[in-house]
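Participant: What follows is a single structure, and I will ask about it in a moment.
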Amino acid sequence: MTDKIDHISRQKFMEELRRYQKGSVTRRHFLGVTGLGAASAVLGAAMPGLIPRPALAQGIGDRAILATWPNYHDVTNFDAFAAETGATVQVNVFGSNEEMLAKLQAGGSGWDVFVPTNYTITTYVEQDLIEPLDMSLLPNYDPASFDQRFAGPGTVDGKVYAVSKNWGTTGFAVNTNNTGGTTPATWKEFFERTQTDFSGRTMVHDYQLTTIGAALKAFGYSFNSVDPAELAKAEELLLATKPHLFAISSDYQPSMRSGDAWMTIAWTGDAKQMNRDMPEIVYVLGREGGELWSDFYAVPKGAPHREAGYALINFLLKPEVNVKEALFHGYPVADARVNALLPAEVLADPILYPAADLLSALEFGAAATLTDPNRAELMARFKSA
Amino acid sequence: MQRRLTTWLLLAPAGVWFAVMLVLPLCFVLVFSFGMRAPAGGYVPAFTFEQYANLPARGTAFLNTLTLAPLGTLLSLVIAYPLAYFLAMRADPKWRTTLLILVIVPFWTSILIRSYAWIFILGGQGLPAIIEWLGFGPVRLINTPFAVLTGIVYGYLPLMVLPVYVSLERLDKRLLEASADLGAPPLRSFLQVTLPLSLPGVATGCMLVFILLMGEFLIPAMLGGGKVFFIGNALVDLFLQSRNWAFGAAVAVTLVVIMLVTVSLYMWLMRRMGGQRDDMALM
């Protein structure tokens, strides 16, 4: 299901681009919502007319293929990259880490750069799917300026396999117009309210890690639990909640924005993007805790345009570029150089940078949580119930 | 001899295509279905019936598919038949081609985009808002089995209309005149002449829609809000989320077996209906 825009006029392309920039991100939503690994949005490669001059001197080739998450990049940065290097960026949008892993396990992904989350990196290393990064090609990466809490998981056995892109939290977003004055503050309340006055208005992710994790937190268990007794309690809660759910989907922005859904499990940036346009939608980190995560840039083994991939990572890590990315997608950055460039109100934003006590209650997802077959089967039972 | 060689040469591209793109992958799926899931997901070779023994874990998905697929097929038929009848029997021949093209026009846009449009039509600010404005209490349409059924009928209607239309269009109209001359009222002519002669088209349309519906995953995911779980959705999850390729392969093999049984039944029925092979080969 490639979405190729062949033989498009320059003017038409600029119109399309502007539509993207204005935030009418429907295409990416289409692709995100299907959960199809095959779904890909080609943002640049098919428009040779747009390449200012093939910068053959640099010799990095004419394209870099990036596999990433929805709403996670400022496309004007890709244009700047193309103008600077002659390589256009093709973007494949994915819905989950499992999908990315499945694609890489199957082989022949064709990616040059992808964006794994912290808990997947050891698996990629064990499966021999990613290469140790050649740091000489990434001069813009300055390890000293990165918060080790978020950048640390990129290093396995002393070798750097991935460099920090962004970090964030998993909480829930609530439309306060519908809360009757009392906004839920815990995961326990999230599920209780869903079964009562929010019935038919709540969404949970189509993602076992976060949805089961949220149910586990409602009982005060670890987000990463694989304990059968604790999972059984979580399953009971999820099954009891299911008739009251609006949807099980990780594409929750459209429904929250249209008012069909009032509450949803949400990631930092999605919450920020909704809150920016609709201040009545607030972001809550469940008091019991929840997930803290960090995303990385990594290079798969056998990347077809390896040099362009490295050049793209290096470009996006340049603080002046990265700050534009952060302002666009609303996810915090672990790089002190970028934070120094961010406006003060962004750094003070509680959605992006939660209070220390809320943050300390959060856990990083574990590799075993993602690959646990019992959690996968629990999710299937929940979805088919 | 020369002729035989030509025949084989002409058949070769299709033969190679089917062997490489259909038979070979099916063999892989079959082999995988007796294997095991690797600890981090994927596949490790083995010979076990464990995956098949585990099939009841996807019982609901099979049940949902086997309920909504026939229901969707039936609904499509009920809506498509009168339309096809009108196009073949009543429509002004001047307009017939235009009308037929209009039936096909939706195919010019991806089903993904059209399903997305339904999310807004059935969403809170779409039809339900109009229904509420008219004074009929709050209704919920999106993310219900009803929404999935609507999407299914909408998406697959043309596939039903076309074969039925073809069988009606090719019907020898002199038979209807004869029936009328012999004193049969229109309803009787329809029931005893038109309907039986259009059955091959009906069967072909039903087969087409049913088989495609059995593998459907997009419409339930988009219009069912992930809460209406088809076999197709189970397969997507097994391969892309839990990466349990072995179990996914077993589910896929089971689905293929169900389809094979259905198609065999169809062939058998068609043969019993009087061996109208040329009609059978319509599509």
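Participant: Taking N as the number of residues in region B:7-127, what is its alpha-carbon radius of gyration divided by 2.2 N^0.38 Å? List each step's numbers first, then the result.
Facilitator: On the way: Rg = 22.9 Å, N = 121, 2.2 N^0.38 = 13.6 Å.
Normalised Rg, Cα atoms only: 1.68.
Participant: Something else now. Roughly how many Å is it from the Cα centre of region B:188-237 to that of region A:286-348, as a whole number?
Facilitator: 46 Å
Participant: What are the semi-axes of the equivalent ellipsoid of region A:79-137, taken as the square roots of 5 times the eigenvalues of the Cα gyration tensor, listed largest first and rounded to whole Å?
Facilitator: Numbers: eigenvalues 110, 47, 22 Å².
Working from the Cα gyration tensor, I get semi-axes of 23, 15, 11 Å.
Participant: Same structure again: Report the relative contact order of chain B, percent, no decimals, based on alpha-carbon pairs under 8 angstrom and at least 6 residues apart. List each step's numbers first, then the result.
Facilitator: Values: 309 pairs, mean separation 81.2, N = 283.
In percent, rounded to a whole number, it is 29.
Participant: Would you list, by chain and number, the aspartates and glutamates whose Cα falls below 17 Å from the Cα of residue B:227, excluding same-chain residues fewer than 8 positions away?
Facilitator: Answer for residue B:227, where 17 Å is the Cα cut-off: A:206, A:235, A:236, A:251, A:260, A:377, B:216, B:237, listed by chain and number.
Participant: Okay, moving on. What 222 nm value per residue comes from the helices of the protein assembly as shown, counting each DSSP H run with n ≥ 4 as -39,500 (n - 2.57) and dividing by all residues, nearest 500 deg cm²/dmol?
Facilitator: On the way: 33 runs with 345 residues, N = 668.
Helix-only estimate at 222 nm: -15500 deg cm²/dmol.
Participant: Something else about it: At a temperature of 10 °C and a viscosity of 1.306 mPa s, determine how fast region A:145-250 diffuses translationally according to Stokes-Einstein, using the Kirkwood radius over alpha-carbon pairs as Rh; express D in µm²/s, rounded to the nearest whole number.
Facilitator: On the way: Rh = 15.7 Å.
Estimated via Stokes-Einstein, D reaches 101 µm²/s.
Participant: Something else: Report Rg(Cα)/(2.2 N^0.38 Å) for the protein assembly as shown, keeping two decimals. Working shown, then result.
Facilitator: On the way: Rg = 27.7 Å, N = 668, 2.2 N^0.38 = 26.1 Å.
That ratio works out to 1.06.
Participant: Eigenvalues of the Cα gyration tensor times 5, then square-rooted: what semi-axes does that give for region A:203-344, in whole angstrom, largest first? Don't skip to the end; give the middle numbers.
Facilitator: Details: eigenvalues 210, 86, 46 Å².
They are 32, 21, 15 Å, listed largest first.
Participant: Past the 22 Å Cα-Cα mark, which pairs from A:242/A:272; A:165/A:217; A:217/A:242; A:103/A:301? Numbers along the way, then the final one.
Facilitator: Working: A:242/A:272 27 Å; A:165/A:217 27 Å; A:217/A:242 17 Å; A:103/A:301 13 Å.
Too far apart for the 22 Å limit: A:242/A:272; A:165/A:217.
Participant: Can you give me the C-alpha center-to-center distance between region B:136-184 and region A:190-211, rounded to a whole angstrom?
Facilitator: Taking the Cα centre of region A:190-211 as reference, the centre of region B:136-184 is 39 Å away.
Participant: Using Cβ counts within 10 Å as a stand-in for footprinting exposure, how do B:206, B:27 rank, fewest first?
Facilitator: Working: B:206 22, B:27 10.
Ranking B:206, B:27 by Cβ neighbours within 10 Å, fewest first, gives B:27, B:206.
Participant: Computed over the Cα atoms of region A:287-381, what is the ratio Rg over Rh, Rh following Kirkwood?
Facilitator: Values: Rg = 17.4 Å, Rh = 16.3 Å.
Rg/Rh: 1.06.
Participant: Given bins 5 angstrom wide, list per bin the percent of all Cα-Cα distances in region B:159-283, short to long.
Facilitator: Answer for region B:159-283: a P(r) of 2, 10, 15, 15, 14, 11, 10, 8, 6, 4, 3, 2, 1, 0 percent.
Participant: Of all the Cα-Cα pairs you can form in region B:118-229, what percent are over 24 Å apart? Numbers along the way, then the final one.
Facilitator: Details: 3084 of 6216 pairs.
Of all Cα-Cα pairs in region B:118-229, 50 percent lie more than 24 Å apart.
Participant: Same structure again: Rg over Rh of chain B, using C-alpha atoms and the Kirkwood radius, what does it come to? Can you show the working numbers first?
Facilitator: Details: Rg = 23.0 Å, Rh = 22.0 Å.
With Rg and the Kirkwood Rh in hand, the quotient comes to 1.04.
Participant: Follow-up question, since we're still on this one. Could you pull out every one of the lysines with an alpha carbon less than 22 Å from that of residue B:94, ignoring same-chain neighbours closer than 8 positions?
Facilitator: Hits, sequence-local ones excluded: B:173.
Participant: Cut-off is 10 Å between beta-carbons; in what order do A:382, B:62 appear when sorted fewest neighbours first? Numbers along the way, then the final one.
Facilitator: On the way: A:382 24, B:62 20.
Ascending Cβ contact count within 10 Å gives the list B:62, A:382.
Participant: Kyte-Doolittle cut-off 1.0, length cut-off 15 Å along the helix's own axis using Cα: show which whole DSSP H helices in chain B pass.
Facilitator: Working: long enough: B:2-18 (24 Å, 0.48); B:59-85 (39 Å, 1.31); B:93-104 (18 Å, 1.02); B:111-122 (16 Å, 1.89); B:145-169 (34 Å, 1.46); B:195-214 (27 Å, 2.05); B:245-272 (40 Å, 1.64).
Membrane-span-like by this rule: B:59-85, B:93-104, B:111-122, B:145-169, B:195-214, B:245-272.
Participant: So, one more: Counting other C-beta atoms within 10 Å, which of B:29, B:228, B:166 has the fewest, and how do the rest follow?
Facilitator: Values: B:29 17, B:228 24, B:166 20.
Fewest to most other Cβ atoms nearby, the residues stand as B:29, B:166, B:228.
Participant: Give the relative contact order (percent, whole number) for region A:196-246; include only Cα pairs under 8 Å separated by 6+ residues.
Facilitator: Values: 44 pairs, mean separation 25.4, N = 51.
Over region A:196-246, the number comes to 50 percent.
Participant: Let me ask something else. Just report the Cα centroid separation between region A:83-154 and region B:5-78, whole Å.
Facilitator: 33 Å
Bear in mind that the values in this text are calculations on the coordinates, not laboratory data. Only a predicted model underlies this, so the values are computations on that prediction, with no experimental measurement involved. FYI the Cβ positions are ideal-geometry reconstructions off the backbone, even for glycines, and counts take in every protein chain you see.
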